[in-house]
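Step one of this worksheet: look at the structure below.
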Amino acid sequence: MTTWDPEQVREACRAHGVQWEDNKPMALLTTYAVGGTARLAVTVRTSDDMQRLATALSACGDIPLVVLGRGSNTLFADAGFDGVVVIVGSSEESKSITCVGDVVSAAGAMLMPVLARRSVQAGRGGLEWCVGIPGTVGGAVRMNAGGHGAEMDDSLLSARVLSLRSGATHVVPKSALGLHFRGSALSAHHIVMSAEFSTSAQDVQKGTAELDNIVAWRREHQPGGRNAGSVFVNPAPGSGSAGALIDAAGLRGFTSGGAHVSEKHANFIQATETATASDIIAVMDHVQNVVREQTGTVLRSEVRLVGFSDNIAQQFADAQHDAPQFVAARQSLCSLLGEM
Ligand SMILES: Cc1cc2nc3c(=O)[nH]c(=O)nc-3n(C[C@H](O)[C@H](O)[C@H](O)COP(=O)(O)OP(=O)(O)OC[C@H]3O[C@@H](n4cnc5c(N)ncnc54)[C@H](O)[C@@H]3O)c2cc1C
């Protein structure tokens with residue numbers, strides 16, 4: 001665990017006009033709506049906010065950091081996070097897209113459904129699938145989010161990335177972002193400020209019908225309420241989807257405290273109003289054990305776990321992110337951003 005000095009960070013923030021909050025509750029900033037506080041939290045909305053924060057933090061050495069978008073793929077521990085949470089908040093910039101020829105640009109804080117709808121309204125096709133992802137553009141780039149037969153990797157051209165470690169900003173081409181299944185070469189200290197997508201000309205009515213289809217499909221097949229979408233990453237092709245394995249193990253409805261496996265979609269874990277992060281972890285633990293006993297497959301978490309013990313982090317960590325090619329991609333991205 002990184003040792004750090006919160007007072008040093010506060011001092012650096014003061015020196016650069018960055019406002020912070022101490023012990024900020026994180027629950028309502030995530031779709032699970034559970035979990036504790038962040039030791040320090042800074043909300044950045046504009047490029048200037050981000051740059052000032054980077055200048056402040058880059059003088060503070062190795063700090064435990066988490067960048068938070070809409071929190072739709074993040075679970076904070078009940079004990080909270082002993083580090084700095086950088087909340088990428090909305091601004092005027094994140095409400096509209098820019099279209100130049102076939103290229104659509106959007107801020108990192110823009111919500112994916114807004115990106116989909118604005119693109120369709122502008123007569124651009126290719127980003128309709130984004131309407132089903134309740135997160136931000138920045139979170140979706142980091143996760144290489146996808147659905148309905150498409151993913152970020154298909155349309156992304158580049159992302160403007162800021163390093164909170166070096167203070168440098170770079171327009172990173174997709175080829176240097178190391179996108180892979182539900183992951184990328186981006187690290188905890190990188191902020192996706194904006195992204196550019198390749199699109200094609202499309203009739204607005206056709207695009208609108210596609211949006212409606214996707215929204216209807218989601219309503220029919222996925223539960224509403226408090227969840228973070230699919231919890232476990234699909235295992236290697238040929239082993240069946242994570243949801244199918246959980247379903248076959250008879251785990252729909254399995255409950256621990258205020259959390260349960262969704263009856264509607266076996267790879268979703270629902271949190272009730274009384275749920276804690278520990279309840280969700282208890283359900284994940286049980287699901288992982290039963291599926292391993294029955295099939296030999298060890299399910300790993302797609303949801304980012306923040307503030308948990310090393311044991312829990314390791315139990316659910318997705319080892320594919322540490323494959324040599326992805327480690328190399330992370331290192332070369334850090335180097336591109338002037339961190340080494
Ligand atoms: C109902 C539901 C359905 C879902 N369906 C899908 C689906 O079909 N496909 C899919 O892929 N996902 C799905 N998700 C998961 C989630 O919406 C996506 O992973 C989304 O891209 C996360 O975006 P976010 O802004 O909420 O990220 P967060 O949860 O805030 O963060 C996720 C990760 O991205 C990083 N991050 C966030 N913002 C930035 C930024 N600006 N710069 C750099 N890093 C950043 C965080 O540090 C973290 O590592 C679903 C979630 C829900 C609740």
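A few notes on this one:
- Test: residue in the stretch 321-337 that is under 29 Å from Ala33 (Cβ atoms) and either not aliphatic (A, V, I, L, M) or not in a helix (DSSP H, G or I) (or both): yes
- From the options Pro113, Pro134, residue that is within 13 Å of the ligand (Cβ to nearest atom), surrounded by fewer than 23 Cβ atoms within 10 Å (Cβ to Cβ) and in a loop (DSSP other than H, G, I, E, B): Pro134
- Residue within the stretch 142-158 that is surrounded by fewer than 18 Cβ atoms within 10 Å (Cβ to Cβ), on the phi < 0 side of the Ramachandran plot and either assigned to a loop (DSSP other than H, G, I, E, B) or assigned by TED's automatic domain parsing to the domain that holds Ala38 (or both) present: no
- Asp5 out of contact with any Lys or Arg (no Cβ under 7 Å at 6 or more places or on another chain) and of a type in the set (D, E, K, R): yes
- Close contacts from the stretch 127-144, counting a first residue that is within 12 Å of Ala195 (Cβ to Cβ) and a second that is within 7 Å of the ligand (Cβ to nearest atom) and in a helix (DSSP H, G or I), with Cβ to Cβ under 8 Å and a gap of 6+ residues or different chains, come to Cys130/Met112; Cys130/Ala140; Thr136/Met112; Val137/Met112; Ala140/Met112.
- Flag for Ser96 being in contact (Cβ under 8 Å) with a residue 12 or more places away in the chain, within 22 Å of Ala145 (Cβ to Cβ), hydroxyl-bearing (Ser, Thr, Tyr) and away from the ligand (no atom under 16 Å from the Cβ): yes
- Restricting attention to the stretch 326-340, the residues being in contact (Cβ under 8 Å) with a residue 24 or more places away in the chain and either in contact with a helix residue (DSSP H, G or I) (Cβ under 8 Å, 6 or more places away or on another chain) or exposed (fewer than 13 other Cβ atoms within 10 Å of the Cβ) (or both) number 5.
- Total residues in the stretch 228-253 satisfying the condition of being more than 13 Å from the ligand (Cβ to nearest atom) and either modelled with pLDDT under 95 or surrounded by fewer than 18 Cβ atoms within 10 Å (Cβ to Cβ) (or both): the figure is 12.
- Whichever residue in the stretch 205-227 is of a type in the set (Lys, Arg) and farther than 16 Å from Met284 by Cα and, among such residues, is farthest from the ligand (Cβ to nearest atom): Lys206
- Scan the stretch 183-204 for residues that are near the ligand (Cβ under 10 Å from one of its atoms) and surrounded by fewer than 22 Cβ atoms within 10 Å (Cβ to Cβ) and the total you get is 3.
- Of all residues in the stretch 1-21 being touching a Pro at 6+ places or on another chain (Cβ under 8 Å) and not polar (S, T, N, Q), the one that is modelled with the lowest pLDDT: Met1
- Residue selected from the stretch 254-265 under the condition over 18 Å from Leu305 (Cβ atoms) and touching a Lys or Arg at 6+ places or on another chain (Cβ under 8 Å), by the criterion surrounded by the most Cβ atoms within 10 Å (Cβ to Cβ): Ser262
- Counted residues, the stretch 32-59 - those being buried (at least 21 other Cβ atoms within 10 Å of the Cβ), among the β-branched types (Val, Ile, Thr) and under 23 Å from Ser94 (Cβ atoms): 2
The rows are residues; the columns are (1) under 27 Å from Gly257 (Cα atoms); (2) within 13 Å of the ligand (Cβ to nearest atom); (3) among the basic types (Lys, Arg).
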residue: Thr31; (1), (2), (3): yes, yes, no
residue: Ser47; (1), (2), (3): no, yes, no
residue: Cys60; (1), (2), (3): no, no, no
residue: Ala77; (1), (2), (3): yes, no, no
residue: Gly80; (1), (2), (3): yes, no, no
residue: Glu92; (1), (2), (3): no, no, no
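- Some residue of the stretch 288-309 being of a type in the set (Gly, Ala, Ser) and more than 26 Å from Gly80 (Cβ to Cβ): yes
- Only one entry of Leu57, Leu65, Leu29, Leu53 meets the criterion of being hydrophobic (A, V, I, L, M, F, W, C), closer than 17 Å to Ile191 by Cβ and in contact with a His (Cβ under 6 Å, 6 or more places away or on another chain), and that entry is Leu65.
The values are calculated or read from the model by the stated rules, or taken from the named source; none is laboratory data. No experiment lies behind these values; they were computed from the predicted model shown. Note that each Cβ is placed from the backbone with ideal geometry, even for glycine, and that neighbours are counted across all protein chains shown.
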